[in-house]
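Single-structure report; data block below.
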Number of protein chains: 2
Amino acid sequence: MRDVSRIVVVGGSAAGPKAAAKARRINSHAEIVILQKDPDLSMASCGYPYYVSGVIDDRNLLLSTGTGVTRDPRYYREAKAIEARTNTEVTDISPARHVVSYRNLLTGETGTLNYDKLIIATGSIPRMPPVPGTDLRGVTTLQSMKDVDFLRRVRDERKAGKAVVVGGGLIGVETCEALRLAGIEVTIVELVPQLLAFLDWELAKLVENHVRSKGVNVITGSRVAGFLGDNGALTGVTLGDGTEILCELAVVAVGVEPNSELARRAGLEIGVTGGIAVNEYLQTSDPDIYAAGDCIETVNLITGKKVHAPYGDLANLQGRVAGRNAASENRAVFKGTIQTGICKVFDFSAGSTGLSERSAEKNGLVDSIPLITAGGDKPGYMNGQLLVTKLLADRTTGRILGAQCVGPGNVGKQIAQWAMAIQGGLSVEDLVNADLPYAPPFSPAIDHFITTAHVMQNKMENRFTGISSLAVKEKLDRGERPVLLDVRDLDEFKTTRLGIGETLIPLDDLREKAKELPEDKDKEIISYCAVSMRGYEAALALAALGWRNVKVMEGGIAAWPFSKEK
Amino acid sequence: MRDVSRIVVVGGSAAGPKAAAKARRINSHAEIVILQKDPDLSMASCGYPYYVSGVIDDRNLLLSTGTGVTRDPRYYREAKAIEARTNTEVTDISPARHVVSYRNLLTGETGTLNYDKLIIATGSIPRMPPVPGTDLRGVTTLQSMKDVDFLRRVRDERKAGKAVVVGGGLIGVETCEALRLAGIEVTIVELVPQLLAFLDWELAKLVENHVRSKGVNVITGSRVAGFLGDNGALTGVTLGDGTEILCELAVVAVGVEPNSELARRAGLEIGVTGGIAVNEYLQTSDPDIYAAGDCIETVNLITGKKVHAPYGDLANLQGRVAGRNAASENRAVFKGTIQTGICKVFDFSAGSTGLSERSAEKNGLVDSIPLITAGGDKPGYMNGQLLVTKLLADRTTGRILGAQCVGPGNVGKQIAQWAMAIQGGLSVEDLVNADLPYAPPFSPAIDHFITTAHVMQNKMENRFTGISSLAVKEKLDRGERPVLLDVRDLDEFKTTRLGIGETLIPLDDLREKAKELPEDKDKEIISYCAVSMRGYEAALALAALGWRNVKVMEGGIAAWPFSKEK
């Protein structure tokens, strides 16, 4: 191995500083230089919405270590023996000469720097819709500290009464919450027919219902046609159908693209997603150049396909791998992602790991079986909060392909459990007796995760015939008239009910009152309750009484995403 | 398969009702009878401490479904078509004749009942220390609703000013919290030198420090010699060393034993732990008799050894397996446990999964490597709370053998992640790039779980030389004088410090002030900070400067279980 005497890192947000720090820990003698275009280093960009909303009031918290030390060039020099140059844009890379060219954005000074190993961590750039008016004052993204400072000023000086958030993805909904908490009237406009595209429609709709309940105006399936202005300042947004929404603020969050232009110009191979192509050592097509973070493309470990996965945690993990390999030799590997993600929006959390049903279909994984369940994250007597989960398993092997979870309950733990189950290659059969930490302050005796595995096992072994709320709604919209059987108690029915032509027969009375049901034993019956545990018992009881076409509406009323009578 | 026409279940707490319900769902025609000695059915026994403390005020919540229906014989009959007979003690089982004999504890009436399949779920019985006075009024366990009602009356009527909890296990510490919250002065007495024997000493001591900070008197390594009384009522407890503790209440929680006497008398095979021996179908030595819950013995999946594992979640999971197999044929399996457990005690949680270092040693697994780490459960700017973890991995394969975690942070999620990692057979190498759900309200960008895997990887690859706080303390007690190097900042040092003869050199100044350290490059130096991340950086910096014997104190001050100067 040739001795590495200088490692240059391009980019100082997440992956870059992590790579530099790891390289220093691996290699105590090499010179390590970070070239960072922005004025700040190692910004906690995932925390931006929480400063905009006022959850955090100290701006420096976004830029400092846990003990309050600002991660500035002095910190990098003294604590880590790393030279960090801010306001320094790399303008060119010459792989042949092992040289980068840079320009100081404050002084205009230019220069070059030799490297033995280079690490590219240029991150991502926010997409902008190709419509007029994006340059108006009041139109912004939430990508940089400059954006953050602008939005925080809007909050503090109460500069905006109305805002439009363009894009209903993860950043969009977090921004929506932040603005709403800042007292701003918010409309969120999303091109596709749902928020949070990493979820399947039914679960996304539950989140949307919650967001609406907080006074946010949600418009899905609608295109922004342009931004309207007066004297250079934003006055409104027009939609594809001509609707105009008045607003003084618009935050664009329609996704990001890998910032791979510098790498492309240097002749490095770019992948199909537009991200820099790397091998599992995070080495680019030039063996002396590594890349990490939002600028690269990686592999979805379930489908085997290349993906752009701009997640903050992966950027850090990749930085660690690239830094280690650049500083010594290729030892550490980053194999890919199962695209685990989560967000909080008001009192709900929404998370996903592995494949959604839609992404499985898109990837040609048709031999999969979906299931929706609902339940509490703790026992009822400990004030358990609701969780709604959608699980996807391979029909043949039972292997877990993906899981999504939304609700006011502890979604983070559920998704973490599913993520580890997927990474361990576990199947439904492995999970039905999972040994998880149980005590009443933490979970029900049988955790919602395990209950979900139980129901999936029942479904795979044909003891449980489920139907999704979406499929029920489609049946009704087509004019089909199955017997809709609500098996909750009368007082529950009085408090809340679907109002879709259902019959109420409480489970306790079912064996006695079954004669009220149609005599035709082939008539389709769809039973449900609050979460469909009793709905399942009812279906079994009816089957025992001879009915042959009984289904259970999965997740019951908790997972019903449409409007309810009550 | 012979048709099953009657299934009898002995026991109506957790495993029994679960087995009966599952049997019903599998088999719609068989008669299913639960014979339950207690007056109640399906009691949420893990919730008892929360009713005693007043966290729950409605007693019926411990006995009812999520929708408030009491799980009484009427409920079992109407909702589940199961006959449940309460106050009915099974006095004898005749496997040869397929008959159980019972006695009604209220009426004295006796009778017999034939079965095709029998499921024994007789639970556990609390151990009582073999000392005088256990029959005094005021001495109780926390095992039955009768105990619960007694303790709740003590709380409500302010009948006790002082209490002793005998036993510092899971139930002991939960009871201790419950009594303290009820305004009672509590002393907890534990035979072995630590609370919570499922933890290793260093982590248990952190919990003990927290329990003490709540005003509880903790006495470890001490035997209860007897209970003192006056006129049949408890007045105090004497310890092995003669100490007398005045109290009007004593709760004994020194563990439980499998209640396997009925099975033993029926000639069924009893295992080495005293639990009923079962195969992986939970079938006893008689093929028509199954057993589940606290009365059986199961297998530790890591050591392969038989264990008694009386956990509420496992009882439910085993009930499901036994119920299914008894109702049709042997299809479902219960392979064993990794002994995952957790409890909350005041503002701390403490959990464990897999093996502790001590249990690994006991089981002859000597080729394992332990590590202690500390960190936040969320980013500092989101008010992250501390977690202290002890991880055990196989030295050769890196496979995770066990993990423990304590602290005010989200211990439940950490233990759940480790439990799934162990069940997936994952190694440290698999976990360093784990793809977990990250957003600031849920975790730091690199979750504490992954950071722990990173440090373990560094330790296994000899980039990190750790030493536990316990080993440091032993060194000092032996009179060794290593250089103890605290690398935090001065203001942190002013607020809290160990006071063990340490030198303060903040990490930022270390490269400059290293000359203040001993010239002897073989002198032992032990560096640390709040959690020892900076301690690790310091060790690397010193190694680069030529020192050859530098160790990092694992977990830093956060994991220091001994008294501190400040």
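The values are calculated or read from the model by the stated rules, or taken from the named source; none is laboratory data. Just so it is clear, the structure is predicted and the values come from calculations on it, not from any experiment. Cβ: placed from backbone, ideal geometry, glycine included. Neighbour counts: every protein chain shown.
Being crowded, with 20+ Cβ neighbours inside 10 Å, under 21 Å from the mean Cα position of the chain (by Cα), within 23 Å of B:Ser532 (Cβ to Cβ) and within 7 Å of chain A (Cβ to nearest Cβ) is a property that holds for B:Gly351.
Say whether the condition of being within 14 Å of chain A (Cβ to nearest Cβ) and closer than 26 Å to B:Thr373 by Cβ is met by at least one residue in the stretch B:175-196. Checked the stretch B:175-196: at least one residue is within 14 Å of chain A (Cβ to nearest Cβ) and closer than 26 Å to B:Thr373 by Cβ. For the stretch B:312-358, a residue qualifies if it is within 19 Å of A:Glu429 (Cα to Cα), among the hydrophobic types (A, V, I, L, M, F, W, C) and not in a helix (DSSP H, G or I), and the qualifying residues are B:Ala332, B:Val333, B:Phe334, B:Ile338.
Number of residues in the stretch B:167-223 that are in contact with a Gly (Cβ under 9 Å, 6 or more places away or on another chain) and among the aromatic types (Phe, Trp, Tyr) equals 1.
Return only the number of the condition from (1) surrounded by fewer than 24 Cβ atoms within 10 Å (Cβ to Cβ); (2) in contact with a helix residue (DSSP H, G or I) (Cβ under 8 Å, 6 or more places away or on another chain); (3) at positive phi that B:Thr220 does not satisfy. Evaluating B:Thr220 over (1) surrounded by fewer than 24 Cβ atoms within 10 Å (Cβ to Cβ); (2) in contact with a helix residue (DSSP H, G or I) (Cβ under 8 Å, 6 or more places away or on another chain); (3) at positive phi leaves (3) as the failure. Of all the listed residues (B:Leu470, B:Leu426, B:Leu431, B:Leu436), the sole one being touching a residue at least 60 places away in the same chain (Cβ under 8 Å) and touching a helix residue (DSSP H, G or I) at 6+ places or on another chain (Cβ under 8 Å) is B:Leu470.
The single condition among (1) without any contact (Cβ under 8 Å) to a residue 12 or more places away in the chain; (2) of a type outside the set (Gly, Ala, Ser); (3) out of contact with any strand residue (DSSP E or B) (no Cβ under 9 Å at 6 or more places or on another chain) that B:Ile26 does not meet is (1). Got a number for residues in the stretch A:262-311 being of a type in the set (S, T, N, Q), closer than 25 Å to A:Glu329 by Cβ and part of a strand (DSSP E or B)? Within the stretch A:262-311, residues that are of a type in the set (S, T, N, Q), closer than 25 Å to A:Glu329 by Cβ and part of a strand (DSSP E or B) number 2. Mind listing whichever residues of the stretch B:488-534 are within 35 Å of the chain's Cα centre (by Cα) and under 18 Å from A:Lys80 (Cα atoms)? Those that are within 35 Å of the chain's Cα centre (by Cα) and under 18 Å from A:Lys80 (Cα atoms): B:Arg488, B:Ser527, B:Tyr528, B:Cys529, B:Ala530, B:Val531, B:Ser532, B:Met533, B:Arg534.
Residues of the stretch B:148-164 that are modelled with pLDDT under 95 and among the small types (Gly, Ala, Ser): B:Ala160, B:Gly161.
Inside the stretch A:536-566, residues that are touching a Leu at 6+ places or on another chain (Cβ under 8 Å), within 19 Å of A:Leu386 (Cα to Cα) and within 13 Å of another protein chain (Cβ to nearest Cβ) make up a count of 2.
Quick check on the stretch A:378-389. Is at least one of its residues in a helix (DSSP H, G or I), surrounded by 24 or more Cβ atoms within 10 Å (Cβ to Cβ) and without any contact (Cβ under 8 Å) to a residue 12 or more places away in the chain? No, the conditions are met nowhere in the stretch A:378-389. For A:Asn410, the conditions (1) more than 11 Å from every other protein chain (Cβ to nearest Cβ); (2) closer than 22 Å to B:Lys344 by Cβ all hold with the exception of (1). In the stretch B:392-406, is there at least one residue being within 12 Å of chain A (Cβ to nearest Cβ) and either without any contact (Cβ under 8 Å) to a residue 40 or more places away in the chain or among the polar types (S, T, N, Q) (or both)? Yes, because at least one residue in the stretch B:392-406 is within 12 Å of chain A (Cβ to nearest Cβ) and either without any contact (Cβ under 8 Å) to a residue 40 or more places away in the chain or among the polar types (S, T, N, Q) (or both).
If you go through the stretch A:512-525 one residue at a time, do you hit one that is outside the structural domain of A:Thr451 (by TED's automatic domain parsing), under 19 Å from A:Leu470 (Cβ atoms) and either touching a residue at least 24 places away in the same chain (Cβ under 8 Å) or surrounded by fewer than 24 Cβ atoms within 10 Å (Cβ to Cβ) (or both)? Looking through the stretch A:512-525, at least one residue is outside the structural domain of A:Thr451 (by TED's automatic domain parsing), under 19 Å from A:Leu470 (Cβ atoms) and either touching a residue at least 24 places away in the same chain (Cβ under 8 Å) or surrounded by fewer than 24 Cβ atoms within 10 Å (Cβ to Cβ) (or both). Number of residues in the stretch A:489-511 that are touching a Pro at 6+ places or on another chain (Cβ under 7 Å), more than 11 Å from chain B (Cβ to nearest Cβ) and surrounded by 11 or more Cβ atoms within 10 Å (Cβ to Cβ): the value is 0. Sub-7 Å Cβ pairs linking a first residue in the stretch A:103-123 that is within 30 Å of A:Asp313 (Cβ to Cβ) to a second residue that is loosely packed, with under 14 Cβ neighbours inside 10 Å, at least 6 apart or interchain, are A:Asp116/A:Ser5, ordered by first then second residue. Restricting the stretch A:436-488 to residues that are hydroxyl-bearing (Ser, Thr, Tyr) and away from chain B (no Cβ under 11 Å) leaves a set whose member that is surrounded by the fewest Cβ atoms within 10 Å (Cβ to Cβ) is A:Thr465.
Within the stretch A:222-242, the set of residues being part of a loop (DSSP other than H, G, I, E, B) and either farther than 14 Å from A:Val165 by Cα or in contact with a Cys (Cβ under 9 Å, 6 or more places away or on another chain) (or both) comprises A:Asn231, A:Gly232, A:Gly240, A:Asp241, A:Gly242. On the basis of being out of contact with any Lys or Arg (no Cβ under 7 Å at 6 or more places or on another chain), surrounded by 18 or more Cβ atoms within 10 Å (Cβ to Cβ) and more than 30 Å from B:Tyr48 (Cα to Cα), does A:Gly402 make the cut? So A:Gly402 passes the test.
Only one of A:Gly319, A:Gly323 is surrounded by 24 or more Cβ atoms within 10 Å (Cβ to Cβ), under 30 Å from A:Ala30 (Cα atoms) and within 11 Å of chain B (Cβ to nearest Cβ). Can you tell me which?
Step by step, each of A:Gly319, A:Gly323 is checked, and only A:Gly319 is surrounded by 24 or more Cβ atoms within 10 Å (Cβ to Cβ), under 30 Å from A:Ala30 (Cα atoms) and within 11 Å of chain B (Cβ to nearest Cβ).
Among the residues of this structure, B:Ala374 does not count as one that is outside any strand (DSSP E or B), touching a residue at least 60 places away in the same chain (Cβ under 8 Å), within 14 Å of chain A (Cβ to nearest Cβ) and buried (at least 24 other Cβ atoms within 10 Å of the Cβ). Scanning the stretch B:526-558 for residues that are closer than 13 Å to B:Ser468 by Cα and acidic (Asp, Glu) gives a single hit, B:Glu554. Take B:Ile415 and decide whether it is more than 8 Å from every other protein chain (Cβ to nearest Cβ), over 26 Å from A:Gly319 (Cα atoms), at pLDDT 95 or above and touching a Ser or Thr at 6+ places or on another chain (Cβ under 9 Å). In short, no. Taking the criterion of being at the interface with chain B (Cβ under 10 Å from one of its Cβ atoms), touching a Phe, Trp or Tyr at 6+ places or on another chain (Cβ under 9 Å) and of a type outside the set (Phe, Trp, Tyr), the residues of the stretch A:290-315 that qualify are A:Gly312, A:Asp313, A:Leu314.
Hey, can you tell me all the residues within the stretch B:243-260 that are part of a strand (DSSP E or B) and without any contact (Cβ under 8 Å) to a residue 60 or more places away in the chain? If the condition is that a residue be part of a strand (DSSP E or B) and without any contact (Cβ under 8 Å) to a residue 60 or more places away in the chain, then B:Glu244 is the only one that fits.
Among the residues of the stretch A:412-431, write down those that are over 19 Å from B:Leu431 (Cα atoms) and buried (at least 24 other Cβ atoms within 10 Å of the Cβ). The answer is A:Val428, A:Leu431.
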